[in-house]
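Throughout, read-outs are computed from the coordinates displayed, never taken from laboratory work. Small disclaimer: the values here were computed from a predicted structure and weren't measured. A quick note on method: Cβ atoms are made from the backbone with ideal geometry, for glycine too, and the neighbour counts reach across all protein chains shown.
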Amino acid sequence: MATFARAEIQVTDRKYHFTTYKQCFIGKEMVSWLKKKEYAKSDDEAVELGQVLLANNIIMHVCRDHDFKNEGKFYRFFYDEKDRGHVEEGTSWHGLLGELGEKGELEGEELVEILGNRTDWTQKIPLERLPPILFDKHNCDLMDQARPIRWVDPLVDPASKYDILVIGGGAGGLVTAFGAVGTGARVGMIERSLMGGDCLNTGCVPSKAFIKAASVAHQCKTALEYGVIVGEVKIDFKAVMERMRRIRADIAEADSCKRVSTAGIDMFLG
């Protein structure tokens, strides 16, 4: 169905205010086409079917901030969407973990030797900029989101220009990039280390995990004041750290390279 729709619905460059949106169609036209071809019997059914196409990444709103509607909004087939960077197929930090087994924290020249040519990260940035890495399941999950082991940068026309080029994929950079692309701006982002910046990797998220653990320990130690008998309270710091790494990995998708590129932002890893 999507192939026929792409061939028969008018897909062209369209202008809204001062922004030109490349190769897109109007929601109303898709609704009319779905009814004409008897895929839907009513406008409501057509809109529901359009939502299914959008949910399955067959079509998308040009700014990625609207559901499918029977209105004059602009949508685009993913077929017409340029590659904005992607993970090389079949690659993952977990492959390295399976090969080397769980390692303690590695850094500097030892880390470079372990990574070898499995990733181009070690060739892209100076040795002193490489963060230490503890290889375990949670950190491999984190790295697959925040710094894929093999990321293919998008191809860019040298004659084209960005409206905004964001340097750094931390909290401020991500907010800026997503806000700008939502207005129709052409946006690129460059990150030299880990997506999510300090907030995800070393600051906000880890510190809140530690604060929560400390709060629970304090509540247990002072429980007798409330008539609750807990017994001796012991801190397993290794378990505290593992919980932090698990939480950080779970959150990382929100700051990931993939989320940035699928939002219409050209994602480059330096």
Pull out a ≥ b ≥ c, the square roots of the eigenvalues of the alpha-carbon gyration tensor of the range 136-270, then state rounded if a/c is under 1.5, prolate if not and a/b is larger than b/c, and oblate in the remaining case. prolate
Relative contact order of the chain, pairs being alpha-carbon contacts under 8 Å that are 6 or more residues apart, as %: 19
Relative contact order (percent) for the range 118-270, with alpha-carbon contacts under 8 angstrom and 6 or more residues of separation? 35
Putting +1 on Lys and Arg Cβ atoms and -1 on Asp and Glu Cβ atoms, find which of Leu142, Ile164, Gln123 reaches farthest to the positive end of the dipole of the range 35-177. Ile164
Where does the chain land on Rg(C-alpha)/(2.2 N^0.38 Å)? 1.28
Have a look at Leu100, Leu130, Leu142 and tell me which one the Gaussian network model of the chain (Cα, springs below 10 Å) gives the largest fluctuation. Leu100
Note, Ala249: beta-carbon cut-off 12 Å, +1 each Lys/Arg, -1 each Asp/Glu, net -2
Only Cα pairs within less than 10 Å get springs; with that Gaussian network setup on the chain, which residue of Gln219, Gln145, Gln23 has the largest fluctuation? Gln219
Mind checking which of Ile149, Ile59, Ile229 has the largest fluctuation in a GNM of the chain, springs on alpha carbons under 10 Å? Ile229
Diffusion constant of the range 1-40 at 25 °C, which comes from Stokes-Einstein with the Kirkwood Cα-pair radius and 0.890 mPa s, µm²/s: 224
Can you tell me which lysines have their Cα less than 18 Å from the Cα of Lys22? Leave out same-chain residues fewer than eight positions away. Lys73, Lys82, Lys161
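Counting alpha carbon pairs within less than 8 Å and at least 6 residues apart, what relative contact order, in whole percent, applies to the range 100-162? Display every interim value, and only then the final one.
Numbers: 38 pairs, mean separation 24.9, N = 63.
Once divided by the residue count of the range 100-162, the mean separation gives 39 percent.
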Which of the cysteines found in the chain have nothing to pair with, since no other Cys Cβ lies under 4.7 Å from theirs? Cys24, Cys63, Cys140, Cys220, Cys257
For a label point 7 Å along the Cα-to-beta-carbon line of Lys22, residues of the range 78-119 with backbone N under 17 Å: 78-86
If the chain between Ala239 and Lys35 were fully extended at 0.36 nm per residue, the gain over the current Cα-Cα distance would be 67.7 nm
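Once you have the Cα-Cα distance between Ile167 and Ala185, take 0.36 nm times their residue separation minus that, and quote the gain in nm to one decimal.
Details: separation 18, 0.36 × 18 = 6.48 nm, distance 1.59 nm.
Once the chain is fully extended between Ile167 and Ala185, it gains 4.9 nm.
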In straight Cα distance, which lysines are under 29 Å from Lys103, not counting same-chain residues fewer than 8 positions off? Lys124, Lys137, Lys208, Lys212, Lys234, Lys238, Lys258
Please give the contour-minus-distance gain from Arg192 to Leu127: 0.36 nm per residue of separation, less the Cα-Cα distance, rounded to one decimal in nm. 22.2 nm
Let's see if you can work this out: charge +1 on each Lys and Arg Cβ, -1 on each Asp and Glu Cβ, no other charges. What is the dipole magnitude of the range 185-233 about its Cα centre, in debye to the nearest 20? 240
Assuming R0 = 35 Å, can you tell me the calculated FRET efficiency for the pair Ala254 and Ala7, based on Cβ-Cβ distance, to the nearest 0.05? 0.45
Pairwise label distance in nanometres, Glu105 with Asp157, each label 7 Å out on the Cα-Cβ vector: 4.8
